[in-house]
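Below: one structure, written as structure tokens.
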Amino acid sequence: MLLVLLFSSCLVLILFYLKENIIASKQSIAYSRVPKIMPMPVNFTETGYITDFDSKWEKKTGNWVFLYENPGIPVIRVNLEFTNESKCDLGEGLKLCKKTQLIEGERIRIEGLMRVDKLIVSLITKAR
């Protein structure tokens, strides 16, 4: 009789343990399906000016560029690329960047991911 009681108790504990692990594994599977939002990597931060004037064609092109200086190099020109993750805070709070809200010649601080031929914009703020 004691042996049957001991066996029954062990069986109940094993079943309880299995039930709890099955529930926990279902929850972890559900959490793994939630997409993780990763921030855009940043490898470039600089202060300078923005413009869409192309001196080669002597007109505004709508293609924004960032101009800044480094010691020994007078002006560095970088083409800007905006994505649906690019944010701007130009005095009206943090918003999605729109090319129409940018002001020609404005002094800004910019952060982004530098590529060979362009800077993918992460954040633009007014320079102080």
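Every number here is computed from the coordinates shown, using simple stated rules; none is lab data. A quick note: this is a predicted structure, and the numbers were derived from the prediction, not measured. Note: ideal-geometry Cβ built from the backbone for every residue, glycine included; neighbour counts use all protein chains shown.
For every residue, the table says whether it meets (1) in contact (Cβ under 8 Å) with a residue 40 or more places away in the chain; (2) touching a strand residue (DSSP E or B) at 6+ places or on another chain (Cβ under 8 Å).
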| site | (1), (2) |
| --- | --- |
| Asn43 | yes, yes |
| Thr51 | yes, yes |
| Glu58 | no, no |
| Trp64 | no, yes |
| Glu92 | no, no |
| Lys98 | no, yes |
| Leu119 | yes, yes |
| Ser122 | yes, yes |
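Residues Thr100, Thr125: which one is of a type in the set (Val, Ile, Thr), out of contact with any Pro (no Cβ under 8 Å at 6 or more places or on another chain) and loosely packed, with under 14 Cβ neighbours inside 10 Å? Working first, answer last.
Working: Thr125 fails: loosely packed, with under 14 Cβ neighbours inside 10 Å.
Sole residue among the options that is of a type in the set (Val, Ile, Thr), out of contact with any Pro (no Cβ under 8 Å at 6 or more places or on another chain) and loosely packed, with under 14 Cβ neighbours inside 10 Å: Thr100.
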